[in-house]
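Beneath this line is the structure, given in structure tokens, with notes to follow.
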Amino acid sequence: MGGRPGQRLMNRLGMPTGRQTLIRQVTAAVRRAICVNPIRVLGVDDWAWNKGKSFGTILVDLERGVVADLLPTRSADSLTAWLEQHPEVMVVSRDRQGSYADGARRGAPQAMQVADRFHLTLNLTQAVERELAVQRQYLQLAPSKTLELAPRQLNRARSADRQIAIQSRVRQQEVEMRRQRRQENMELFQTLHRMKAAGLKVTEMAKELGLNRRRLDRWLRLDALPERNRMQPRPGMPEAFREHLRERWEAGCRHGRTLFAEVRELGYVGCFSRLAALLSPWRQPSAEAATLLPQTPLMAETITAPGRRVSPQVAAALLGKIGSELTSRQREIVDRFKQHCPGYAVMRKLVLSFRTILRVGKLATLHAWMERALKTGIHALQRFVRTLKQDMGAVEAAVTERWSNGPVEGHVNRLKTIKRQMYGRAGVELLRARLCA
């Protein structure tokens with residue numbers, strides 16, 4: 001059966017009215033219903049027209065738990081215009097979106113703004129996750145097992161080590177996190193090839209190293225750890241002029257701005273900072289990352305399988321779990337990180353206390369928490385506290401008021417379901433009609 005879904009439905013019902021007329025009647029009825037009920041407590045959040053590209057705004061009456069209205073854009077101006085038509089709004093619950101804070105401040109200066117507690121906790125988790133990403137080298141568990149190689153197996157193992165050491169060169173002057181990750185992968189790669197030379201099975205290596213079979217099979221076919229793939233240089237990338245820059249550098253011209261002016265004449269359209277990033281490693285003395293291993297008499301040797309590494313995301317998630325929610329394995333991980341990861345114990349205590357403050361705390365407790373976080377010397381926590389102070393009124397209201405954006409998130413999920421039922425072809429008027437009906 002041809003035609004659009006709405007038209008097919010009207011044909012089956014025997015309705016002579018056109019689909020556009022029917023939609024206009026439904027949306028008009030919804031608009032009349034919206035204007036009847038005054039809204040005192042408003043929840044605001046965004047929703048995606050096109051994920052990651054364009055967004056709208058959903059407004060929820062938190063006292064009644066129903067959708068109040070739907071805006072086609074996510075902007076401070078659209079929220080301001082809507083609030084000016086509803087002067088009865090006295091409370092605005094929102095996330096940390098800066099445009100909504102500005103729109104509520106301009107459109108409803110009489111209203112109290114309340115920051116959503118879930119988003120406050122999420123922002124703190126993201127802050128400690130960034131701190132743990134810098135300390136990735138400490139997020140390693142204890143070695144699980146030590147393997148012993150017989151002397152007759154060492155010749156093949158040493159040959160594999162020599163081949164890896166000759167062909168592998170560690171890239172100097174990487175950003176610290178990339179350098180740490182590269183070093184961890186190198187250790188795993190060398191251990192893997194030594195295990196292969198010792199005659200271990202792939203399943204045994206996967207169990208000891210905590211790697212999946214696809215990664216093991218790919219690495220076992222290689223003699224050296226592969227470099228990351230690089231995209232082809234474009235005129236906006238300094239890599240396109242690397243040869244010219246290297247010639248000028250070796251000729252003695254090492255002034256960044258002078259080189260920048262030269263490549264601009266050759267067609268470079270990028271910024272100076274990207275060119276400076278390319279030149280930065282050249283200013284440091286280079287060093288060989290691998291050398292031949294000396295010949296030594298064959299002796300018995302042991303291989304210690306490195307402990308499994310925990311990602312910063314998982315380590316940050318464990319910070320917010322109370323002791324009763326942790327499994328025995330998670331409790332062991334947390335205890336180890338407290339001993340070996342700098343600041344982990346302090347961050348765990350602060351994260352748990354912050355969550356408690358948002359549930360049952362007082363303003364004095366919140367301010368005391370902020371002072372303790374500033375005195376820790378942990379940059380991520382200090383930065384988080386500074387962002388809290390920029391929105392202090394809404395953060396304090398999150399502690400004292402009962403309102404939150406939980407019901408708004410539920411209606412956003414409902415909106416997504418309705419939008420998909422109509423194959424993404426509904427406009428804002430029809431979506432508003434279905435949500436607010």
Whether the range 324-420 is rounded, prolate or oblate, judged on the alpha carbon gyration tensor where a/c under 1.5 counts as rounded = oblate
note = If each part is reduced to its alpha-carbon centroid, the range 413-437 and the range 239-262 end up apart, in Å, by 56
request  = Taking a cut-off of 24 Å between Cα atoms, list the lysines near residue 362, but don't count ones fewer than 8 places away on the same chain.
outcome  = 321, 349, 375, 389
Residue-count net charge about residue 255 - beta-carbon cut-off 12 Å; Lys, Arg +1, Asp, Glu -1 = +3
key: 257, 264 arranged by Cβ crowding within 10 Å, fewest neighbours leading   = 257, 264
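In which sequence would 196, 51 go, from the one with the fewest C-beta neighbours within 10 Å to the one with the most?
The most exposed by this proxy come first: 51, 196.
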task = Return the distance in nm (one decimal) between the two label points of a simple spin-label model at residue 276 and residue 365, each offset 7 Å from Cα along Cα→Cβ.
result = 4.6
task = Would you mind calculating the relative contact order of the range 297-437 from Cα pairs under 8 angstrom and at least 6 residues apart, reporting the percent as a whole number?
result = 15
request  = Whole Å is fine, so just give me how far the alpha carbon centre of the range 311-333 lies from that of the range 357-389.
outcome  = 22
Proximal lysines relative to residue 53, as straight alpha-carbon distance under 21 Å, when same-chain residues fewer than 8 apart are discounted = 416, 419
remark   = Once the in-chain neighbours fewer than 8 apart are removed, the aspartates and glutamates whose Cα is under 16 Å from residue 201 read 148, 217
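Computed from the coordinates by the stated procedures, all read-outs in this text should not be read as laboratory data. All values reported here derive from a predicted model rather than from experimental measurement. Cβ atoms come from the backbone with ideal geometry, glycine included; neighbour counts cover every protein chain shown.
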